[in-house]
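The values are calculated or read from the model by the stated rules, or taken from the named source; none is laboratory data. None of these values were measured; they are calculated from a predicted model. Because the Cβ atoms are built from the backbone with ideal geometry, glycine has one as well, and the counts that use them run over all protein chains shown.
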Ligand SMILES: [Zn+2]
Ligand SMILES: [Zn+2]
């Protein structure tokens, strides 16, 4: 067909050819150019993006993080949950969403909410129609289409959450991209050694997000650490 039309066999050759009216494919390029500049094409393109499955429309970049972990610790210590009516220490529950940068209150009663259990509604079984979910699970529904990635600041863990099925929320923890001078993390800040951002670890975390590996990574971590199955991730 290409031979019959006297145009190059590959798109690459076609587009890279010098733009002279005598070059093969010149007319085709002009035609393609006029098609691609049509105003209706932009509307159709927008429609195509909107019709993509949610997982393909997720943000493509994680938030940028400060160089020193102490900046995040300060942020956590100043955090006040809007739902917390009694003055208290909200820092321990403070989590930073790595997808949008919002501070969340996790695993804490003040931000637990009850949601309808639609499957139970369908089953028509009374008594179990509501599910109690935590701040991160709820946030993940709108921020990551059910998938969450957040930094539990004072615990020094990245939490991955797969809450795409609200009845079977799964999760795991990963080492955050902050390491001390010996290349180690400091869970719970027990040693108190200064932690600095590790670009290599950031890249690894980026890859998990960009390549939609969160559910797969959770499954892998759960296979290696059965204790993860005992955690009620939906209340995270
Ligand atoms: Zn978020
Ligand atoms: Zn709260």
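Numerical summary
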{"read-out": "Matching residues in region 204-218 - criterion: being free of Cβ contacts under 8 Å to residues at least 24 places away in the same chain and either under 14 Å from residue 175 (Cβ atoms) or touching a helix residue (DSSP H, G or I) at 6+ places or on another chain (Cβ under 8 Å) (or both)", "value": "213"}
{"read-out": "Checking residue 142 against (1) in a loop (DSSP other than H, G, I, E, B); (2) over 22 Å from residue 230 (Cα atoms); (3) free of Cβ contacts under 8 Å to residues at least 12 places away in the same chain, the condition it does not meet", "value": "(1)"}
{"read-out": "Residue pairs meeting the criteria (Cβ under 7 Å; at least 6 apart or on separate chains; first under 12 Å from residue 96 (Cα atoms), in region 60-80; second loosely packed, with under 14 Cβ neighbours inside 10 Å)", "value": "63/101; 72/66"}
{"read-out": "Positions within region 187-211 being assigned to a loop (DSSP other than H, G, I, E, B) and in contact with a strand residue (DSSP E or B) (Cβ under 8 Å, 6 or more places away or on another chain), in sequence order", "value": "194, 195, 198"}
{"read-out": "Which listed residue is surrounded by fewer than 18 Cβ atoms within 10 Å (Cβ to Cβ), in the same structural domain as residue 116 (by TED's automatic domain parsing) and in contact with a helix residue (DSSP H, G or I) (Cβ under 9 Å, 6 or more places away or on another chain), from 221, 199, 155", "value": "221"}
{"read-out": "Candidate set: region 123-137, residues that are part of a loop (DSSP other than H, G, I, E, B) and touching a helix residue (DSSP H, G or I) at 6+ places or on another chain (Cβ under 8 Å); chosen: the one modelled with the highest pLDDT", "value": "134"}
{"read-out": "Residue that is modelled with the highest pLDDT [pool: residues in region 99-122 that are within 16 Å of ligand 2 (Cβ to nearest atom) and in a helix (DSSP H, G or I)]", "value": "111"}
{"read-out": "Residue count for region 58-98, restricted to those that are more than 16 Å from ligand 2 (Cβ to nearest atom) and at pLDDT 55 or above", "value": "16"}
{"read-out": "Which numbered condition residue 168 misses (of (1) under 21 Å from residue 231 (Cα atoms); (2) touching a helix residue (DSSP H, G or I) at 6+ places or on another chain (Cβ under 8 Å); (3) in a loop (DSSP other than H, G, I, E, B))", "value": "(2)"}
